[in-house]
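Notes follow the structure.
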Amino acid sequence: MKQRLRTIYKKLYACFGPQNWWPAKTPFEVIAGAILTQNTSWSNVELAIRNLKKEKLLSVPSLSKAAPSRIARLIRPAGYYNIKTGRLISFLKFFLSNYAGSIRRMSLQDTQKLRSELLSVNGIGQETADSILLYALSKPVFVVDAYTKRILLRHRFISNGADYKEIQKLFMENLKNDAGLFNEYHALLVRAGKKFCLKNNPRCAACPLKESLPPDLSRAF
């Protein structure tokens, strides 16, 4: 398993190179993006982030003082803007009350304890919590998303019923416990999922992972 996972990584890295993900200037921008990207494309999130920046609201002090209606208007491109406004506000309340709005203070917290705390915040699920831990705080936690699951399922690393915890464990028990590696690996899987391992009509013939497919699936695609 370790060798198979390493091979996947090497092939994707050779194909795409470093992804430099998450594309943000500050840890708080990563956090806001992680919340906004739920159920929408990154291009839509970029529009919402751009609106917040233009209004100088992409910081904890300014966003926490902004009226919910104003936030909702600015993040409208990300979809579900009223719900996501509520989630941003819920996170801000948690962040301010537990860590005084300090990224450094939050980063010093034990990873598993912090993960549990994040999951208790309204609207933050496992993928969002782990994205915050990995991309905003450089905690060695592997992020699992739909692209990751699809690629692993098609390459028979997992069964169809595998849950988030099982998939995450696969990476964290078989790879070096390194935030930089987890960051790059997840970003590469997302890139491969978007370009080749499509939900419908996957482009397996052009995919750098084609040789890693089980023989019967390789013929099917």
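How big is the charge dipole of the chain about its Cα centre, in debye rounded to the nearest 20, if each Lys and Arg gets +1 on its Cβ and each Asp and Glu gets -1 on its Cβ?
In debye, rounded to 20, the chain gives about 460.
Roughly speaking, what % of Cα-Cα pairs in region 27-136 are separated by over 23 Å, rounded to a whole number?
Summing the P(r) of region 27-136 above 23 Å gives 20 percent of all pairs.
Enter the angle in degrees (range 0 to 90, nearest 10) between the Cα long axis of helix 164-174 and the first principal axis of the Cα atoms of the chain, meaning the one along which they spread out most.
70
Give, as a single signed number, the net charge of other residues whose beta carbon lies under 10 Å from the beta carbon of ARG203, with Lys and Arg counted +1 and Asp and Glu -1.
Charge balance near ARG203 sits at +2.
Mean separation of Cα pairs under 8 Å and 6+ residues apart, divided by the residue count of the chain: what relative contact order is that in percent?
The value is 23 percent.
So what is the relative contact order of region 27-136, in percent, for Cα pairs below 8 Å that sit 6 or more residues apart?
Dividing the mean separation by the residue count of region 27-136 yields 32 percent.
As I understand it, the value is the acute angle between the Cα axis of helix 81-99 and the longest principal axis of the Cα atoms of the chain; what does it come to in degrees, rounded to 10?
Rounded to the nearest ten degrees, it is 80.
Arrange ASP130, ASP145 by Cβ neighbour counts within 10 Å, fewest through most, would you?
The fewest-first ordering by Cβ neighbours comes to ASP145, ASP130.
Quick one: net charge around LYS84, please, counting Lys, Arg +1 and Asp, Glu -1 for every other residue with C-beta under 14 Å from its C-beta.
+4
So I have (i) 9, 38, 38, 14, 1, 0; (ii) 8, 32, 33, 20, 7, 1; (iii) 7, 23, 20, 15, 10, 6, 3, 4, 4, 4, 3, 1, 0, and one of them is P(r) over Cα pairs in 10 Å bins from 0, in percent calculated from this model. Which one is it?
So the structure-derived entry is (ii).
State which entries of LYS11/LYS194; LYS165/LYS195; LYS11/LYS210 exceed 18 angstrom in Cα-Cα distance in the structure shown.
Over 18 Å Cα-Cα: LYS165/LYS195.
In a Gaussian network model over the chain where Cα atoms closer than 10 Å are linked, find which of LYS199, LYS25, LYS169 has the largest mean-square fluctuation.
Among LYS199, LYS25, LYS169, the largest mean-square fluctuation in the Gaussian network model of the chain belongs to LYS25.
With just the Cα atoms defining each centre, how far is region 7-39 from region 52-70? Give it in Å.
24
For ASN44, what is the net charge nearby, where nearby means another residue's Cβ is under 13 Å from its Cβ and Lys, Arg count +1, Asp, Glu -1?
+2
Give the shape of region 24-86 as rounded, prolate or oblate, defined through the alpha-carbon gyration tensor: a ≥ b ≥ c are the square roots of its eigenvalues, a/c under 1.5 means rounded, and otherwise the shape is prolate if a/b is larger than b/c and oblate if not.
Judged from the Cα gyration tensor, region 24-86 comes out oblate (a/c at least 1.5, b/c at or above a/b).
Take SER43, SER62 and order them by how many other Cβ atoms sit within 10 Å, fewest up front.
By the 10 Å Cβ count, ascending: SER43, SER62.
Angle, helix 42-54 long axis vs. longest principal axis of the chain, Cα atoms, 0 to 90°, nearest 10?
In the chain, helix 42-54 runs at an angle near 20 degrees to the longest axis.
Using Cα centres only, tell me the gap between region 128-148 and region 153-175 in whole Å.
15
Placing +1 on the Cβ of each Lys and Arg and -1 on the Cβ of each Asp and Glu in the chain, which of LEU134, ALA32, ASN44 has its Cα farthest towards the positive end of the resulting dipole?
Projecting each Cα onto the dipole axis, the largest value belongs to ASN44.
May I ask you to order 102-111, 134-143, 73-82 by the average number of other C-beta atoms within 10 Å around their residues, highest value first?
The densest-packed peptide leads the list: 134-143, 73-82, 102-111.
Where a number appears in this text, it was derived from the coordinates with a stated rule and is not lab data. Being a predicted model, the structure only gives us computed values, none of them experimental. Positions of Cβ are backbone-derived with ideal geometry, glycine not excepted, and every protein chain shown enters the neighbour counts.
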